[in-house]
Structure formats: structure tokens, C-alpha cells
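Below you'll find the structure, written out as C-alpha cells, and then a few comments.
The values are calculated or read from the model by the stated rules, or taken from the named source; none is laboratory data. For clarity, every value in this text was computed on a predicted model and none was experimentally measured. Counting neighbours? That spans all protein chains shown, and the Cβs are built from the backbone with ideal geometry, glycine included. Surface accessibility is based on the protein's heavy atoms, side chains included, excluding ligands, DNA and RNA. Shrake-Rupley method; radii C 1.70, N 1.55, O 1.52, S 1.80 Å.
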Amino acid sequence: MSWDHDAPFILRFTVKAEHIDALEHTNNTQYVTWCNETAWAHTTDLGLDANAYRSLDRAMALTKAEYHYLLATRLDEELEVGTWITTWNRRMLMERKMQIRSMATGETVLRAKLQFVCIEISSGKPKRPPKAFIDGYTPALIF
């Protein structure tokens, strides 16, 4: 009933009516949205928002995502989404792990692993990350 790693970057969400599916629990796609929003918020907190990406003509593009749905959540449930950068090889690849927990019970409802590659936005091709990426992401790497 704890975080998988120390010191996660955390955003909090509440399950709303528009998140509920025909089975009366949170739609699986909503968890993906919350993970995406949390990853972007973390990246922005590290000083690398969308404007910085555009000005550098670089981005970390998602190449693979694994989501493990462990427990259902329901209307009005409050959730915490935590994230960590677990791999950053300073060349082109990054891995980010995500964990969603129920604030009421502390139980983990989802775990995810996201893999990214650095690309040149203008061409869409893989490129080495600029110094700003190395300086921004490296301190957030957990060991």
C-alpha cells in the first residue's frame, strides 16, 4: 500500500461521471489520459514544457506503453497518479513508470511503463537529445 519508488511526482484526480463506462467503473482509456497528463505535468515541472520542445525542435515521443489494470475505481473516488523516470540513457531513450493509487485505501489500481525516444519534431526522426533535455531529465532519474 505504498509507492513503488520513493519521491514520486504526483497529480490527484477525482473520478467523475464522464469517466464511468457501461460497467459502472472508470473507463480504461481514462487511466491512460491521467497518466499522460501526469507525465506532461512532470516534464513541465522539470522545465521542459511544449514550448521548450518546439523551440528546441526536439520531443520525447512515446514508442511503447504497457498498462496493468489491477483494480476498478468508481464515481467520486479520489486517485493519486505518481510517476518516475526510471531509465534515461542520455542518448535517445527514456523510460517512465506510473502508478495510480486510491487515496481512500492506498491500494494500487494501475501500474504502467512508458518508453520514449528523442525525436526531431520537424522531421519526426530519432535524434540525440539537446543539452536542455540532459540537464532537465537527468536529475529526475531514480536509481
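Assorted remarks:
- Carbon plus sulfur fraction of accessible area for the chain, probe 1.4 Å, in percent: 52
- Each Lys and Arg contributes +1 and each Asp and Glu -1, all at the Cβ; summed about the Cα centre of the stretch 25-94, the dipole is approximately 520 debye.
- For a straight C-alpha distance cut-off of 20 angstrom, the lysines reachable from LYS127 (same-chain residues fewer than eight places away being disregarded) are LYS64.
- Sequence-ordered 3J(HN,Hα) estimates for the stretch 96-103 from the Karplus curve with 6.51, -1.76 and 1.60 and θ = phi - 60° stand at 10, 9, 10, 9, 10, 10, 6, 6 Hz, glycine and proline given as x.
- Heavy-atom surface of the chain, accessible at 1.4 Å and reported per residue (Å²): 55
- Distant-in-sequence amide H partners of GLU77 (H built 1.01 Å from N, under 5 Å): VAL15
- Phi angles across the stretch 35-41 convert, under the Karplus curve 6.51 cos²θ - 1.76 cosθ + 1.60 with θ = phi - 60°, into 3J(HN,Hα) values of 5, 4, 4, 5, 4, 5, 4 Hz, Gly and Pro given as x.
- Shown in residue order for the stretch 133-143 are the 3J(HN,Hα) couplings computed by the Karplus curve 6.51 cos²θ - 1.76 cosθ + 1.60 at θ = phi - 60°: 5, 4, 5, x, 7, 4, x, 8, 5, 9, 10 Hz (x for Gly and Pro).
- Restricting the stretch 47-113 to GluC sites (Glu not before Pro) that sit in a DSSP loop and have at most 13 other Cβ atoms within 10 Å of their own Cβ leaves GLU107.
- The stretch 1-18 residues near the modelled GLU66 label - backbone nitrogen below 13 Å, point 7 Å along Cα→Cβ: none
- Cβ-derived FRET efficiency at R0 22 Å, ASN89 paired with LYS125, nearest 0.05: 0.75
- As a length-normalised measure over Cα pairs under 8 Å and 6 or more apart, the relative contact order of the chain settles at 28 percent.
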